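The values are calculated or read from the model by the stated rules, or taken from the named source; none is laboratory data. On a predicted model such as this, the values are computed, not experimentally measured, just so you know. In this analysis, Cβ positions are derived from the backbone assuming ideal geometry, glycine residues included, and neighbour counts consider all displayed protein chains. We work out accessible area using only protein heavy atoms, side chains counted, and drop any ligands, DNA or RNA first. Shrake-Rupley method; radii C 1.70, N 1.55, O 1.52, S 1.80 Å.
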Amino acid sequence: MVKQLALKGFKVLASRNPEKGHKAIQQLRESNLDVSFVSIDVDNQESIRQASTTVNETY
């Protein structure tokens, strides 16, 4: 699913598991897709705020 979104121009993969997120990003980049990882835990307001700030500042 993430690969399909990346092919449509989406640039951010968000996950609460950094290890899995970075592994997915590496695989996408091997397919020449420009995607970045942002850590987020949707059960944590501070995590949501930080992810939002990161995305807004970067994109």
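Of note:
- The HN-Hα couplings worked out from phi for the range 41-50 by the Karplus form 6.51 cos²θ - 1.76 cosθ + 1.60 (θ = phi - 60°) are 10, 5, 8, 10, 4, 5, 4, 5, 4, 5 Hz, whole numbers, x standing for Gly and Pro.
- Cβ-based net charge around Glu57, under 14 Å, with every Lys or Arg adding one and every Asp or Glu removing one: +2
- Normalised per residue, the volume of the convex hull around the Cα set of the chain (Å³): 75
- Length-normalised contact order for the chain - Cα pairs under 8 Å, 6+ apart - percent: 31
- Note that the range 13-29 has calculated 3J(HN,Hα) couplings of 10, 10, 7, 8, 10, x, 4, 5, x, 5, 5, 5, 4, 4, 5, 5, 5 Hz, one per residue in order, obtained from phi through the Karplus relation 6.51 cos²θ - 1.76 cosθ + 1.60 (θ = phi - 60°); glycine and proline are x.
- Charge sum, other residues only, whose C-beta stays under 15 Å from Lys23's C-beta, Lys/Arg counted +1 and Asp/Glu -1: +2
- Other-chain or far-sequence residues with amide H under 5 Å of Leu13's (modelled H): Ser36, Phe37, Val38
- Probe 1.4 Å, accessible area per residue of the chain, Å²: 79
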